[in-house]
Amino acid sequence: MQIFLDTANLKEVEEAVKYGFCDGVTTNPSLIAKEGLDYNDTLKKIAQMVNGPVSAETVALDAGGMLGEGRAFAKLHKNIIVKVPLTKEGLLACQFLTKEGIRVNVTLCFSANQALMAAKAGAFIISPFVGRLDDIGQTGMELIREIRHIYDNYEYQTKILVASVRHPVHVKESAMIGADIATLPYKVWEQLFTHPLTDAGIQKFLDDWKKVPKKR
Ligand code: E4P
């Protein structure tokens, strides 16, 4: 499973790339607003740092507007892929952009039928939001299971990107179900490496090492 970082923070991207666990990046208007930086400049910098897709989200509501924004994003860097919302207009834009050779990430997916339509529109990536479904008392991971099943039934090549990830259990379940990608907030990315027994084990070995006689 590929691991993307869900951030517009350059330091976080730099850190994940340094350790070799950053297959791509997803951004959205909320993440970029948090950084207070110019969207295009930030996207370009991230795209230069990462060897993989970097999602840039459109804000127009009509297909024509999305096409304009999407084409401009795609010109920034070869790694940039265009994010459009899962609406009829978004899926129309997806079909046009895909025909032009621009890869599309269809975002804000909350149902299996929406995911089916995105695959039929030729989406490169579908982004179902698990955390936001959990937030309203539904089971986000169940949606991932359904989409995996449907895509496998018809051999759709659209990649399932698990979005709105809140904790490491979401990551483990994504991998067990067979999602293609999970996009993680930096905090969750860090949590993947840690376990209290690993820390305690290191401490014990270091303490015991001090007791080993050393030749002078
Ligand atoms: C990523 O592509 C999504 O925009 C992001 O994961 C949404 O996460 P949130 O529900 O925590 O805002």
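All of the numbers you see were taken from the coordinates with simple rules; none came from a lab. Keep in mind that what you see is a predicted model, and the values were worked out from it rather than measured. Methodologically, a virtual Cβ is constructed for each residue, glycine included, from the backbone with ideal geometry; neighbour enumeration extends over all protein chains shown.
What the table below lists for this structure:
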quantity	calculated
Criterion: under 18 Å from residue 1 (Cβ atoms) and of a type in the set (D, E, K, R) - qualifying residue of 210, 172, 215	172
Verdict on residue 102 being touching a strand residue (DSSP E or B) at 6+ places or on another chain (Cβ under 8 Å), touching a residue at least 24 places away in the same chain (Cβ under 8 Å), closer than 21 Å to residue 62 by Cα and within 14 Å of the ligand (Cβ to nearest atom)	no
Residue 52 being more than 14 Å from residue 186 (Cβ to Cβ), within 15 Å of the ligand (Cβ to nearest atom) and among the small types (Gly, Ala, Ser)	yes
So residue 38, is it surrounded by fewer than 22 Cβ atoms within 10 Å (Cβ to Cβ) and within 21 Å of residue 127 (Cα to Cα)	no
Residue 111, sole failed condition from (1) farther than 27 Å from residue 11 by Cα; (2) of a type in the set (S, T, N, Q); (3) in contact with a Lys or Arg (Cβ under 8 Å, 6 or more places away or on another chain)	(3)
Residues of segment 121-157 satisfying the condition of being within 16 Å of the ligand (Cβ to nearest atom), closer than 22 Å to residue 25 by Cα and either among the charged types (D, E, K, R) or loosely packed, with under 15 Cβ neighbours inside 10 Å (or both)	132
Residue tally, condition surrounded by fewer than 19 Cβ atoms within 10 Å (Cβ to Cβ) and farther than 24 Å from residue 130 by Cα, over segment 97-117	4
Scan of segment 10-65 for residues that are over 17 Å from residue 104 (Cα atoms), over 17 Å from the mean Cα position of the chain (by Cα) and part of a loop (DSSP other than H, G, I, E, B), ordered by number	19, 36, 37, 38
Tally, over segment 1-30, of residues that are in contact with a Ser or Thr (Cβ under 6 Å, 6 or more places away or on another chain) and either more than 9 Å from the ligand (Cβ to nearest atom) or not hydroxyl-bearing (Ser, Thr, Tyr) (or both)	3
Conditions (1) assigned to a helix (DSSP H, G or I); (2) basic (Lys, Arg); (3) surrounded by 14 or more Cβ atoms within 10 Å (Cβ to Cβ); number of the one not met by residue 83	(1)
Where residue 78 falls short, out of the listed (1) more than 16 Å from the ligand (Cβ to nearest atom); (2) of a type in the set (Lys, Arg); (3) under 19 Å from residue 163 (Cβ atoms)	(3)
Residue 69, sole failed condition from (1) touching a residue at least 60 places away in the same chain (Cβ under 8 Å); (2) not in a loop (DSSP other than H, G, I, E, B)	(1)
